[in-house]
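Read the structure below first, then the notes.
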Amino acid sequence: MKYKAYKLSFPCGVHFGENSLDSSETLFHSDSMFSALCTEASREGNDSVKWLYEVFNNRQIIISDLFPFVGSTMFLPKPVCRIEATANDGDSVKKKQFKKLKYISADSLDDYLKGNYTPKNDLDLIEQLGTHELRTSAAMRGVENNLIYNVGVFNFNKDCGLYMIVGYCNEKDLAVFEKYLMSLSYSGIGGKRSSGLGSFNLNFASLPDNLLHRFESVSSKYMTLSTALPNDSEIEKSIPESEYILVKRSGFSSPNGQSPIRIKDLYMFGAGSCFGVKFDGCIKNASTDQSRNIYRCAKPMWIGV
């Protein structure tokens, strides 16, 4: 399998997250990206959605979550695994920094796993990603009954944004995938797209060499770079020697402007979770409307750690 990175720059800001309208995250999960791609494919008909489902289900294409980049520095989720430090460092300031740390730069991954990593530089750099903003909007309900509400927006600074890693088996499938991704750049991702949020400019990027070799490496532990969920036959073998975080995936979807559909609550392993063995994962239909499908892709992208 080959791997390619795509940088997404958001000129108008984004609204990500399912917990509240007045906040916004800086992470976009791979299962949400897959659902958004399915919506774009559906504009061409059900056969296009079926093709997208099959190439992902057969792992001919896999995608990571969307992670931050600042300038030329790409960040990865902090591995959810125990790391032994090379020295007995009792610095309370450094302990607080590690607790605050969510992402580490891809260039620092080797040092982190060897236990000689200092978090301050990455923490300082991630602070330059952008700023949160609270925008006030109104839902028009007649002359006197307008509903005022706040929307949390994250605005990325110049030369900052999110990137996604794509694994693919052949160029033909990648070309079709890129067509849907380019179409999605105009439609936007996340919430409040009708207000102009979530549209992005798309650029290619090179992955660091120290990261590339980890995709196919044999290791005693593997980290997922995407939201993941084993299928029923894989659960028992995947849990031993695992260290993971669980993320709740829920919310609503309005494919192609149709009436909103409630999405079933699903708990998945979050990016950064580590396992002793790899598993293939699954694709779940999370729609509560039997007449319409909403797919959640939980196929992991693995690197050896």
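The values are calculated or read from the model by the stated rules, or taken from the named source; none is laboratory data. Bear in mind that the values here come from a model prediction, so they are computed numbers and not experimental data. Cβ atoms come from the backbone with ideal geometry, glycine included; neighbour counts cover every protein chain shown. Just so you know, the surface numbers come from the protein's heavy atoms only, side chains and all, with ligands and any DNA or RNA stripped out. Shrake-Rupley method; radii C 1.70, N 1.55, O 1.52, S 1.80 Å.
Would you mind stating whether GLY191 is modelled with pLDDT under 90, among the small types (Gly, Ala, Ser) and closer than 24 Å to CYS297 by Cβ?
Numbers: modelled with pLDDT under 90: yes; among the small types (Gly, Ala, Ser): yes; closer than 24 Å to CYS297 by Cβ: yes.
Answer is yes for this residue.
Taking the conditions (1) open to solvent by 20 Å² or more (accessible area, probe 1.4 Å); (2) under 28 Å from ASP107 (Cβ atoms); (3) of a type in the set (S, T, N, Q) in turn, ASN285 satisfies each one other than (2). Of all residues in the range 144-179, those satisfying the criterion of being within 24 Å of PRO208 (Cα to Cα) and without any contact (Cβ under 8 Å) to a residue 12 or more places away in the chain are LYS158, GLU171, ALA175, GLU178. Residues being in a loop (DSSP other than H, G, I, E, B), exposed (fewer than 15 other Cβ atoms within 10 Å of the Cβ) and at negative phi are entirely absent from the range 171-179. Within the range 108-123, residues that are of a type in the set (Val, Ile, Thr) reach partners that are at pLDDT below 90 and surrounded by 14 or more Cβ atoms within 10 Å (Cβ to Cβ) with beta carbons closer than 8 Å, at six or more positions or on different chains, in the pairs THR118/LYS94. Please determine whether any residue of the range 196-216 is at pLDDT below 90, in a helix (DSSP H, G or I) and among the small types (Gly, Ala, Ser). Taking every residue of the range 196-216 in turn, none turns out to be at pLDDT below 90, in a helix (DSSP H, G or I) and among the small types (Gly, Ala, Ser). Of everything listed in (1) without any contact (Cβ under 8 Å) to a residue 60 or more places away in the chain; (2) in contact with a strand residue (DSSP E or B) (Cβ under 6 Å, 6 or more places away or on another chain); (3) open to solvent by less than 50 Å² (accessible area, probe 1.4 Å), the single unmet condition for ALA298 is (1). In the range 205-216, the residue that is least open to solvent (accessible area, probe 1.4 Å) out of those that are touching a residue at least 24 places away in the same chain (Cβ under 8 Å) and not aliphatic (A, V, I, L, M) is PHE215.
Among residues belonging to the range 217-237 that are within 13 Å of ILE303 (Cα to Cα) and either of a type in the set (Gly, Ala, Ser) or touching a helix residue (DSSP H, G or I) at 6+ places or on another chain (Cβ under 6 Å) (or both), point out the one that is surrounded by the fewest Cβ atoms within 10 Å (Cβ to Cβ). Even if it seems obvious, please write down each step before you answer.
Filtering the range 217-237 down to residues within 13 Å of ILE303 (Cα to Cα) leaves 217-226.
Of the ones still in play, those that are also either of a type in the set (Gly, Ala, Ser) or touching a helix residue (DSSP H, G or I) at 6+ places or on another chain (Cβ under 6 Å) (or both) are 217, 219-220, 226.
Details: SER217: 12, SER219: 14, SER220: 9, SER226: 30.
Looking at the filtered set, the residue picked out is SER220.
Kindly check whether there is at least one residue in the range 132-143 that is modelled with pLDDT under 95, in a loop (DSSP other than H, G, I, E, B) and among the small types (Gly, Ala, Ser). For the range 132-143, residues modelled with pLDDT under 95, in a loop (DSSP other than H, G, I, E, B) and among the small types (Gly, Ala, Ser): present.
Give the residue, chosen from LEU197, LEU202, that is touching a residue at least 40 places away in the same chain (Cβ under 8 Å) and open to solvent by less than 30 Å² (accessible area, probe 1.4 Å).
On the way: LEU202 fails: open to solvent by less than 30 Å² (accessible area, probe 1.4 Å).
After applying the criteria, what remains is LEU197.
Applying the criterion of being modelled with pLDDT under 90 and among the hydrophobic types (A, V, I, L, M, F, W, C) to the residues of the range 75-100, the residue that is farthest from PHE275 (Cα to Cα) is VAL93.
The single condition among (1) outside any loop (DSSP other than H, G, I, E, B); (2) under 22 Å from TYR295 (Cα atoms) that TYR6 does not meet is (2).
Has the range 238-246 got any residue that is surrounded by fewer than 16 Cβ atoms within 10 Å (Cβ to Cβ), in contact (Cβ under 8 Å) with a residue 12 or more places away in the chain and either touching a Leu at 6+ places or on another chain (Cβ under 9 Å) or not in a loop (DSSP other than H, G, I, E, B) (or both)? Taking every residue of the range 238-246 in turn, at least one turns out to be surrounded by fewer than 16 Cβ atoms within 10 Å (Cβ to Cβ), in contact (Cβ under 8 Å) with a residue 12 or more places away in the chain and either touching a Leu at 6+ places or on another chain (Cβ under 9 Å) or not in a loop (DSSP other than H, G, I, E, B) (or both). Mind checking whether some residue in the range 50-59 is in a loop (DSSP other than H, G, I, E, B), on the phi > 0 side of the Ramachandran plot and either surrounded by 15 or more Cβ atoms within 10 Å (Cβ to Cβ) or modelled with pLDDT under 95 (or both)? Yes, because at least one residue in the range 50-59 is in a loop (DSSP other than H, G, I, E, B), on the phi > 0 side of the Ramachandran plot and either surrounded by 15 or more Cβ atoms within 10 Å (Cβ to Cβ) or modelled with pLDDT under 95 (or both). Restricting to the range 256-303, name every residue that is more than 18 Å from TYR53 (Cβ to Cβ) and among the β-branched types (Val, Ile, Thr). Hits for the range 256-303 are VAL277, THR288, ILE303. Which one is farthest from ILE189 (Cα to Cα) among residues in the range 30-49 that are in a helix (DSSP H, G or I) and charged (D, E, K, R)? For the range 30-49, the residue satisfying everything is ASP47.
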